[in-house]
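Q: Handing you this structure, nothing more for now.
The values are calculated or read from the model by the stated rules, or taken from the named source; none is laboratory data. Worth saying up front: this structure is predicted, and the values here are computed from it rather than measured. Note that each Cβ is placed from the backbone with ideal geometry, even for glycine, and that neighbours are counted across all protein chains shown. In case anyone asks, the SASA skips ligands and DNA or RNA and just uses the protein heavy atoms, side chains included. Shrake-Rupley method; radii C 1.70, N 1.55, O 1.52, S 1.80 Å.
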Amino acid sequence: MLGTMMDYPLTINHILWRLERLFPRKPVVTQRLEEGQATRSSYGEVAARVHRLASALSRAGIRPGDRVATFAWNTQTHLECYFAIPCMGAVMHTLNIRLFPAQLEYIVNHAEDKAVFLDRSLVPAFEPLIGKVPTVQLVVLMNEGPEPSAAFREAFPQVVDYEEFLRSGDEHFAWPRIDERQAAAMCYTSGTTGNPKGVVYTHRSTVLHSLVAALPDSMGLSERDVVMYAVPMFHANAWGIPYAAALVGASQVFPNRYLDAERLVNLIEREGVTVSAGVPTIWIPILDLLEKTGRKLPTLKRVICGGSAAPPALIAGLAQHGIQLIHAWGMTETSPLGSLCRMRSWLDDLPDDQKLAVRSTQGTIVPLVECRIVDLESGQELPWDGKSVGELQVRGPYITGTYYNDPAASEKFMDGWLRTGDVATIDPDGYIRLVDRTKDLVKSGGEWISSVEVENHLMAHPKVLEAAVIGLPHPRWQERPVAAVVPRPEHKDDITAEELREFLAQRVAKWWLPDEFVFVPEVPKTSVGKFDKKVLREQLAQVAQRWAQS
Ligand code: AMP
């Protein structure tokens, strides 16, 4: 017997309907080029412009299913693209502006993007693609910055200014009825080997993800919140927050391209931001700035932090400033929110150090998604005992089931589960603790060492700002750990390997202690701000050479 409920599609058009009808007065603020200057608008204005944009796209020949790329920072106009493109039936393809030209060329051609919405300030980064992306017919120039050269304009069939493009559209666009399984957006994830892989989100997956993201025990978003995401809109849909915030009517504040601590703190202060999100490398310098200057951020209640492991020292440090860090885990493939760390009510009586240990885990799997851990060698499912270590696998309605046009996609799946490539334990309460990436685990004398755990301890040392641990080939032990350490500026001359070794020796097994500590001015980062261990391995290759010769 079937139910009597309407088979009403779950589409992003519904989120647009809400912000247009229920929240038109709610503010949307974008940081401008000049510090202290902002563009102020509202969801009502955004919705009106979204109508014009969709109509203009349709007039320019964009049809349902066509891929329309964005190459842009976090701004109101990017938010307008987030709604107009999928709601008119096309597929928004967010391009990662920090990729190498060869990777971008591959991605634009693989997705067959027809149009690109390009920030003026990013024209130089897009120029190397001239003559190499034949599917691109239309370039729309957005936001502040210098005008591109005549040569750039001549390189594409149509190059037009965003505001002029909007004027070419009608005031009201008749939204098509969209099948909820239709593609809404796509994002490529660049692994360390092989070509980038395309993940395609549907309308349905986006709506379900937005609902889950907003829940009280997830990001806990409400109409009363002022949300500023310091996670780029070109990475996993800015963790889905643009849609989740719009769904509930929370105001949005856009930092534009300015992600340095000083500017972000100024913006949070000025706009009364209540919830924010970003990778640990965003929050580490912010905490440092708050500590050094004594500045306070009384409005900021919560930050969602993920993308790489949040060090316990960061969680504890922000808590001292009244800011709750909610540790989250996810991937481009998981829309991206996979797990989130909230204290269960029955853990309230734990002593503080044990509470911090819980808060430092990646938390529990979010509603609608299921997880398991599987033995790396036998492929057997492992118990949730907090000790057994295996690959984390997930499945659910907003987990990708394959990759776009990729013959090698099946390697990443096992019996209907996505193989995350992350290695974890799960405790009886369901808290997931990521031990490492499969490829970053250090295998020493046949046993695993968690690089993440050693890093977390190192980053709790008062003289250390950042630390990354990698395994390097060793003639006797197969691999041994080496730590690259960035000292806090005031300690760059008095920090020693001996004191770090001694500090660690009280916290981890002796054979986990890094064989060498290398002091560096910075840890190389990936295009989305994570430690780039591949580059670090290349930089520290001479250490392994020395071992090989000794
Ligand atoms: P991406 O698809 O680029 O967002 O990368 C996803 C990967 O980032 C995951 O598979 C993890 O290895 C890593 N990651 C994300 N969140 C966390 C976290 N909270 N702790 C540790 N690693 C994380």
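Q: How much length would be gained if the chain were fully extended between ARG344 and LYS292, taking 0.36 nm per residue of separation minus their Cα-Cα distance, in nm to one decimal?
A: On the way: separation 52, 0.36 × 52 = 18.72 nm, distance 3.34 nm.
Between ARG344 and LYS292, full extension yields 15.4 nm more.
Q: Now a separate question. At what distance in angstrom do the alpha carbon centres of segment 75-91 and segment 128-176 lie from each other?
A: Cα centroid of segment 75-91 versus Cα centroid of segment 128-176: 15 Å apart.
Q: Could you state the angle between the C-alpha long axis of helix 101-111 and the longest principal axis of the C-alpha atoms of the chain, as a value from 0 to 90 degrees rounded to the nearest 10?
A: 50
Q: Now, a different point. Assign one of three labels to segment 103-230, namely rounded, prolate or oblate, based on the Cα gyration tensor with a ≥ b ≥ c the square roots of its eigenvalues; rounded applies when a/c is under 1.5, prolate when it is not and a/b is larger than b/c, and oblate otherwise.
A: prolate
Q: Using just the Cα positions, wrap segment 440-549 in a convex hull and report its mean projected area in square nanometres, one decimal place.
A: 6.8
Q: Multiplying the sequence separation of ILE130 and ARG546 by 0.36 nm and subtracting their Cα-Cα distance, what value in nm do you get?
A: Working: separation 416, 0.36 × 416 = 149.76 nm, distance 4.43 nm.
Value of the extension gain: 145.3 nm.
Q: A follow-up question, please. Where the accessible area of segment 411-550 is counted over protein heavy atoms with a 1.4 Å probe, how much of it, in %, is carbon and sulfur?
A: Summing carbon and sulfur atoms, their accessible area is 50 percent of the total for segment 411-550.
Q: Roughly what % antiparallel, to the nearest 5, for the DSSP beta bridges in segment 440-549?
A: 80
Q: Ignoring ligands, DNA and RNA, what percent of the 1.4 Å accessible area of segment 317-362 is carbon and sulfur?
A: Ligands and nucleic acids excluded, carbon and sulfur give 48 percent.
Q: Pop a pseudo-label 7 angstrom from the Cα along the beta-carbon direction at both GLU154 and GLN380 and give the gap in nm to one decimal.
A: 6.9
Q: What residues from segment 176-206 fall in the zone where the backbone N is under 11 Å from a label point 7 Å along the Cα-to-C-beta line of ALA409?
A: 198-201
Q: Counting only DSSP beta bridges with both residues in the chain, what percent are antiparallel, rounded to the nearest 5?
A: 55
Q: Please identify the GluC sites (Glu not before Pro) of segment 21-105 that satisfy two criteria: DSSP loop assignment and at most 16 other Cβ atoms within 10 Å. Which are they? Walk me through the intermediate numbers first.
A: Details: sites: GLU34, GLU35, GLU45, GLU80, GLU105; in loops: GLU34, GLU35.
Those that pass, being in a loop and sparsely packed, are GLU34, GLU35.
Q: Express the accessible area of the chain per residue in Å², computed with a 1.4 Å probe while the remaining protein chains stay in the model.
A: 42
Q: I've got another one for you. Considering lysine pairs in segment 440-549 that are 8 or more places apart or on different chains, how many have Cα atoms under 15 Å apart?
A: Details: LYS443/LYS510; LYS463/LYS492; LYS525/LYS533; LYS525/LYS534.
Number of lysine pairs found: 4.
Q: Roughly what % antiparallel, to the nearest 5, for the DSSP beta bridges in segment 365-524?
A: Roughly 90 percent of the beta bridges in segment 365-524 run antiparallel, per DSSP.
Q: Determine the sum of side-chain charges near THR202: Lys and Arg each +1, Asp and Glu each -1, restricted to other residues whose C-beta is under 14 angstrom from that of THR202. Could you put the intermediate results ahead of the total?
A: Details: positive: ARG181, ARG204; negative: ASP179, GLU180, GLU333.
For residues surrounding THR202, the net value is -1.
Q: Moving on to the next point. In a solvent-free Debye calculation with one equal scatterer on each Cα, what is log10 I(q)/I(0) for the chain at q = 0.06, 0.07, 0.08, 0.10 Å⁻¹, listed in the order of the q values?
A: One equal scatterer on each Cα of the chain leads to -0.30, -0.41, -0.54, -0.85.
Q: Rounded to the nearest 10 degrees, what's the angle between the helix 43-59 long axis and the longest principal axis of the chain, both from Cα atoms, 0 to 90?
A: Relative to the chain, helix 43-59 is tipped by roughly 70 degrees.
Q: About the Cα centre of the chain, what is the dipole size in debye to 20, counting +1 per Lys and Arg Cβ and -1 per Asp and Glu Cβ, all else neutral?
A: 600
Q: Charges only on Cβ, +1 for Lys and Arg, -1 for Asp and Glu: so what's the dipole of segment 440-549 about the Cα centre, in debye to the nearest 20?
A: Result for segment 440-549 is approximately 320 debye, rounded to the nearest 20.
Q: On a 0 to 90° scale, report how tilted helix 203-214 is relative to the longest principal axis of the chain, with both axes built from alpha carbons and the result rounded to the nearest 10.
A: Once rounded, the angle reads 60 degrees.
Q: Residue farthest toward the positive end of the dipole of the chain, with Cβ of Lys/Arg at +1 and Asp/Glu at -1: which of ALA245, VAL469, LEU95?
A: Toward the positive end, the furthest listed residue is ALA245.
Q: For the pair HIS321 and ARG501, what calculated FRET efficiency results from E = 1/(1 + (r/R0)^6), where r is the Cβ-Cβ distance and R0 = 51 Å, to the nearest 0.05?
A: Using R0 = 51 Å, I get an efficiency of 0.95.
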